[in-house]
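What follows is one structure encoded as structure tokens, with my remarks underneath.
The values are calculated or read from the model by the stated rules, or taken from the named source; none is laboratory data. Worth saying up front: this structure is predicted, and the values here are computed from it rather than measured. Cβ placement follows ideal geometry from the backbone for every residue including glycine, while neighbour counts extend to all protein chains displayed.
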Amino acid sequence: MKRIAVINDLSGFGKCSLSVALPILSAMGLECNPIPTAILSNQTGFDNFHSVDFTDHLIPYIDMWKKQNVQFDAILTGYLASEKQVDIILDFIDHFGKNSLVFVDPVMADDGVLYDTYDEKICEKVKMLTKKANIITPNLTELCILCGTDYNEVIKHPEYIGELASSLLSETTKTVIVTGIKSRTEISNLIVEKSGSSIVFSEFLGGSYSGTGDIFSSVVCGGITKGMSVFDAVTLAADFIYCSIINTPTELDYEPNGVNFQKHLEMLINAK
């Protein structure tokens, strides 16, 4: 069974991060090995939450894995809470990532705004992390941060998104997937590789549900690890999220709970 190390936070309520990666990757026939960066009573979209920072436990946690000489087919990183955490994960990739697919979701911001726990210093660290990745999945705001470009200007000139994404390709980074590009009627994911680019479109259903980015990265990373093409894996993720949103209540107070993806895990079990 192929094995993926997933580095993200764990929330008791609000279907996101590790609480979606574990069932999704398991449904895809993959072993998910979690490294929690923080443990939360419920994700931060709720009015109140309790959070335990796991930073001080990360090094001894990972050291036990080093002693066991484990190997991974892929490494997937999500939310990292501090510069110190990024440094620890950079070391983790140096140690475990030599023969692994390194997949980085550079979680920093959305809709033109940095997350509350982020500042310029940690963003610079995340940039370092993306340079070690084979595949990165920034949203449009994160793409602008990685490229040092003004978000408001890119919104006015979306024709430059592909050019910006191409500038992040390197000998290490083979694929950039710009996620969640919205129009009035569609939401698209732009795939950029040295060989060219392609777009996966979905109908834009409105609303804002927690965890869809984590679902996307889990499905895409899982699909590629299983041997799917990038385009097919992105298409699967987009279809899976669309079906999950369709079957999720539309009340505003439900949105922090995430989407009802569990009803559609069969899509992932049968995916090839």
query = Taking Ile177, is it part of a strand (DSSP E or B), within 20 Å of Gly213 (Cα to Cα), touching a Phe, Trp or Tyr at 6+ places or on another chain (Cβ under 6 Å) and β-branched (Val, Ile, Thr)?
reply = no
ask   = Listed residues Leu265, Leu236; which is touching a Pro at 6+ places or on another chain (Cβ under 9 Å), at pLDDT 95 or above, within 18 Å of Cys32 (Cβ to Cβ) and not charged (D, E, K, R)?
value = Leu265
inquiry  = Anything in the stretch 151-174 that is buried (at least 17 other Cβ atoms within 10 Å of the Cβ), touching a residue at least 40 places away in the same chain (Cβ under 8 Å) and in a helix (DSSP H, G or I)? List them, or say none.
reply    = none
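Can you name the residue in the stretch 200-221 that is surrounded by 15 or more Cβ atoms within 10 Å (Cβ to Cβ) and either farther than 19 Å from Pro106 by Cβ or out of contact with any helix residue (DSSP H, G or I) (no Cβ under 9 Å at 6 or more places or on another chain) (or both) and, of all such residues, is modelled with the lowest pLDDT? Talk me through it step by step, then tell me what you get.
The first filter runs over the stretch 200-221 and keeps only residues surrounded by 15 or more Cβ atoms within 10 Å (Cβ to Cβ), leaving 200, 202, 204, 209-221.
Right, trim to either farther than 19 Å from Pro106 by Cβ or out of contact with any helix residue (DSSP H, G or I) (no Cβ under 9 Å at 6 or more places or on another chain) (or both) and you get 200, 202, 204, 209, 213.
Numbers: Val200: 98, Ser202: 93, Phe204: 88, Tyr209: 83, Gly213: 95.
If we take residues in the stretch 200-221 being surrounded by 15 or more Cβ atoms within 10 Å (Cβ to Cβ) and either farther than 19 Å from Pro106 by Cβ or out of contact with any helix residue (DSSP H, G or I) (no Cβ under 9 Å at 6 or more places or on another chain) (or both), then Tyr209 is modelled with the lowest pLDDT.
Tell me which residues, restricted to the stretch 66-85, are without any contact (Cβ under 8 Å) to a residue 40 or more places away in the chain and either among the polar types (S, T, N, Q) or surrounded by 14 or more Cβ atoms within 10 Å (Cβ to Cβ) (or both). Give the derivation first.
Quick first cut of the stretch 66-85, residues without any contact (Cβ under 8 Å) to a residue 40 or more places away in the chain only: 66-69, 84.
Answer for the stretch 66-85, where residues must be without any contact (Cβ under 8 Å) to a residue 40 or more places away in the chain and either among the polar types (S, T, N, Q) or surrounded by 14 or more Cβ atoms within 10 Å (Cβ to Cβ) (or both): Gln68, Asn69, Lys84.
Which one of these is farther than 16 Å from Ile215 by Cβ, aliphatic (A, V, I, L, M), surrounded by fewer than 17 Cβ atoms within 10 Å (Cβ to Cβ) and in contact with a Leu (Cβ under 6 Å, 6 or more places away or on another chain): Ile59, Ile88, Ile39? Explain how you work it out, then say what you get.
Working: Ile59 fails: in contact with a Leu (Cβ under 6 Å, 6 or more places away or on another chain); Ile88 fails: surrounded by fewer than 17 Cβ atoms within 10 Å (Cβ to Cβ).
From the options Ile59, Ile88, Ile39, the qualifying one is Ile39.
Can you tell me which residue within the stretch 91-112, out of those that are of a type in the set (D, E, K, R) and in contact with an Asp or Glu (Cβ under 9 Å, 6 or more places away or on another chain), is surrounded by the fewest Cβ atoms within 10 Å (Cβ to Cβ)? Give the steps one after another, and end with the answer.
To start, the set of residues in the stretch 91-112 that are of a type in the set (D, E, K, R) comprises 91, 94, 98, 105, 110-111.
Now drop any that are not in contact with an Asp or Glu (Cβ under 9 Å, 6 or more places away or on another chain), which leaves 105, 110.
Values: Asp105: 28, Asp110: 15.
Here the residue is Asp110.
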message = Could you go through the stretch 244-255 and let me know if any residue there is free of Cβ contacts under 8 Å to residues at least 24 places away in the same chain and either under 23 Å from Cys32 (Cα atoms) or in contact with a strand residue (DSSP E or B) (Cβ under 8 Å, 6 or more places away or on another chain) (or both).
response = no
inquiry  = Given (1) outside any helix (DSSP H, G or I); (2) at pLDDT below 95; (3) surrounded by fewer than 18 Cβ atoms within 10 Å (Cβ to Cβ), identify the lone condition not met by Tyr118.
reply    = (3)
request  = Tell me which residues, restricted to the stretch 129-150, are under 23 Å from Thr225 (Cα atoms) and either buried (at least 17 other Cβ atoms within 10 Å of the Cβ) or touching a helix residue (DSSP H, G or I) at 6+ places or on another chain (Cβ under 8 Å) (or both).
outcome  = Leu129, Thr130, Lys132, Ala133, Asn134, Ile135, Ile136, Thr137, Pro138, Asn139
task = State the number of residues belonging to the stretch 226-251 that are among the β-branched types (Val, Ile, Thr) and either closer than 17 Å to Val178 by Cβ or within 15 Å of the chain's Cα centre (by Cα) (or both).
result = 4
